[in-house]
1. Among the listed residues 70, 91, 74, identify the single one that is over 17 Å from the mean Cα position of the chain (by Cα), more than 16 Å from the ligand (Cβ to nearest atom) and on the phi > 0 side of the Ramachandran plot.
2. Looking only at strands (runs of 3 or more DSSP E) that lie completely in region 308-358, which have at least 3 residues being touching a residue at least 12 places away in the same chain (Cβ under 8 Å)?
3. Among the residues of region 192-203 satisfying the criterion of being out of contact with any helix residue (DSSP H, G or I) (no Cβ under 8 Å at 6 or more places or on another chain) and away from the ligand (no atom under 14 Å from the Cβ), which is nearest to residue 304 (Cα to Cα)?
4. Looking for whichever is out of contact with any helix residue (DSSP H, G or I) (no Cβ under 9 Å at 6 or more places or on another chain) and in the same structural domain as residue 240 (by the TED database) here; the options are 51, 127, 119, 71. Which one fits?
5. Which residue is nearest to residue 235 (Cα to Cα), if the candidates are limited to region 204-216 and must be crowded, with 22+ Cβ neighbours inside 10 Å and more than 9 Å from the ligand (Cβ to nearest atom)?
6. Residue 263 passes all but one of (1) over 18 Å from residue 98 (Cβ atoms); (2) over 19 Å from the mean Cα position of the chain (by Cα); (3) surrounded by fewer than 18 Cβ atoms within 10 Å (Cβ to Cβ); which number fails?
7. Pick from 243, 259, 270, 265: which is out of contact with any helix residue (DSSP H, G or I) (no Cβ under 6 Å at 6 or more places or on another chain), more than 25 Å from residue 168 (Cα to Cα), away from the ligand (no atom under 16 Å from the Cβ) and in a helix (DSSP H, G or I)?
8. If you take the residues of region 130-149 that are more than 15 Å from the ligand (Cβ to nearest atom) and out of contact with any helix residue (DSSP H, G or I) (no Cβ under 9 Å at 6 or more places or on another chain), which of them is nearest to residue 190 (Cα to Cα)?
Ligand code: PMP
C-alpha cells in the first residue's frame, strides 16, 4: 500500500500524525506554497528593506507607456526571459499588474474597446481555468461577453480567445483553436511556461503574453504579473484600465519582485543554487508519487505528457504541471468523493467539463501533499476492496 508509512520519502512523526488526522486539505486553490523551503534557505539574501521616505510617488517613469513600472523591474523581467529563453521581450511594451489576474481583465478591456463591433465574444477551449469565466462575466461589461468553449464557438463577429499553455487545469501545451477570422485576437497566458513545469521548447513570440510572479517562484502574495504587448495602442489601453482600477501597482511589491527575479537569473545556471533545478526536481518527485498511486490501482486516470527537449536544461525532460487533472474511471462526482475524504479540489464542471474530473493543486506544502497522497491511496484501496 502506498501511504505515509511506505512511500519513498521518510516522514517526521508530525507528518505521520497529520496523515492519520482528519484535517481538511485544501487543494482547490493553486496557492503556490510548495517552494517556500527553497526561499527559507536563502536566508537574508533576498531580503528587501525599504526606508519610509522611499517609493512614495504614484509615478515610476513618466516617459514609459506604463508609467508606474519601476525601471529596475523592467530590466529584471527582460533579463529573466533572456536567461530562460521562454519569451521574446524585444519591441514590446511591458505592462506590470497586480497579478496577471488584473492584466487579463485589462487585456479584455483593451482588446474589446479597440474593436469596432461590440460586445466581443470571449472563448477558451475546455477544460479551462475557471477564473476566466468570472473575469469575463463578473462586471457584466457591454464590451465583451463570455461565450464558453472555443471548440464549439461559431458566432459571427469579433472574438478574443484565451490560450493557457501549459494549460490550467490539464497541463497540456495549447495553441489557439479558433483560427478562422481576421477579427479574432488571442491572449496567451504563460503563467506556467517555466522549466520546472514544462520543457521550454521555443521562445514564445505572440502579440499579447501574460506572465505571473506567483507561479514562477511561489510569491503569489506579492501580486505581481506582467504583460508583454506588441501593439502600443493595446498597451496604452491596458495602462488606462490599470490607472482607473488601482492607479498603478505597489512599488514595494515591484521592488521585492525585482530582487527575487534578479536572484533567479543570477543563479539559474548554477546547479546547486538554481531555483529552476530545485523546482524541477520537486515537481518531478511529486508527480512520480502521484502516478505511483494512480497506476497501482484501477480507479483514477491522469493525462500522459510527451517528453521533450528543454532548451533551458539542454536535455529531454518530462512535464510536471502545477495541477493534476485527475479523473475517475466510473461515472461519479470525483470532487464529492474526495470531499468525503476531506480533500478539497476543483470540480471539472467549473472548468467546463465533467464532474468525474477534478483539478488538484500540486503546489501545496509538503505535509498537505503527503496527506493527499495517503488519502488517495485509501480511496483506491476502498474501490478495489468493494464487492
Ligand atoms: N493565469 C493562470 C492560468 C493561473 O493559473 C493564475 C493563477 N491561478 C493566474 C493567471 C493568475 O495569477 P496571479 O493573479 O496570481 O498573477
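1. Details: 70 fails: on the phi > 0 side of the Ramachandran plot; 74 fails: on the phi > 0 side of the Ramachandran plot.
Exactly one of 70, 91, 74 is over 17 Å from the mean Cα position of the chain (by Cα), more than 16 Å from the ligand (Cβ to nearest atom) and on the phi > 0 side of the Ramachandran plot, namely 91.
2. Values: elements: 308-310, 315-317, 323-328.
Of the strands (runs of 3 or more DSSP E) lying wholly inside region 308-358, those with at least 3 residues that are touching a residue at least 12 places away in the same chain (Cβ under 8 Å) span 308-310, 323-328.
3. Step one: filter region 192-203 for residues out of contact with any helix residue (DSSP H, G or I) (no Cβ under 8 Å at 6 or more places or on another chain), giving 193, 198-199, 201-203.
Then drop every residue that is not away from the ligand (no atom under 14 Å from the Cβ), which leaves 199, 201-203.
On the way: 199: 14, 201: 18, 202: 21, 203: 24 Å.
Per the criteria, the residue is 199.
4. Details: 51 fails: in the same structural domain as residue 240 (by the TED database); 127 fails: out of contact with any helix residue (DSSP H, G or I) (no Cβ under 9 Å at 6 or more places or on another chain); 119 fails: out of contact with any helix residue (DSSP H, G or I) (no Cβ under 9 Å at 6 or more places or on another chain).
When all the criteria are applied, what remains is 71.
5. Here is the first cut: in region 204-216, the ones crowded, with 22+ Cβ neighbours inside 10 Å are 208-216.
Add one more test, that the residue is more than 9 Å from the ligand (Cβ to nearest atom), and what stays is 208-209, 216.
Numbers: 208: 9, 209: 11, 216: 23 Å.
Restricting to residues being crowded, with 22+ Cβ neighbours inside 10 Å and more than 9 Å from the ligand (Cβ to nearest atom), the top hit is 208.
6. (3)
7. 243
8. First, the residues of region 130-149 that are more than 15 Å from the ligand (Cβ to nearest atom): 137, 139-149.
Those still in the list that are out of contact with any helix residue (DSSP H, G or I) (no Cβ under 9 Å at 6 or more places or on another chain) too: 137, 140, 142, 149.
On the way: 137: 22, 140: 26, 142: 27, 149: 19 Å.
Among those that are more than 15 Å from the ligand (Cβ to nearest atom) and out of contact with any helix residue (DSSP H, G or I) (no Cβ under 9 Å at 6 or more places or on another chain), it is 149.
The values are calculated or read from the model by the stated rules, or taken from the named source; none is laboratory data. Please read all numbers here as calculations on a predicted model, not as lab measurements. Methodologically, a virtual Cβ is constructed for each residue, glycine included, from the backbone with ideal geometry; neighbour enumeration extends over all protein chains shown.
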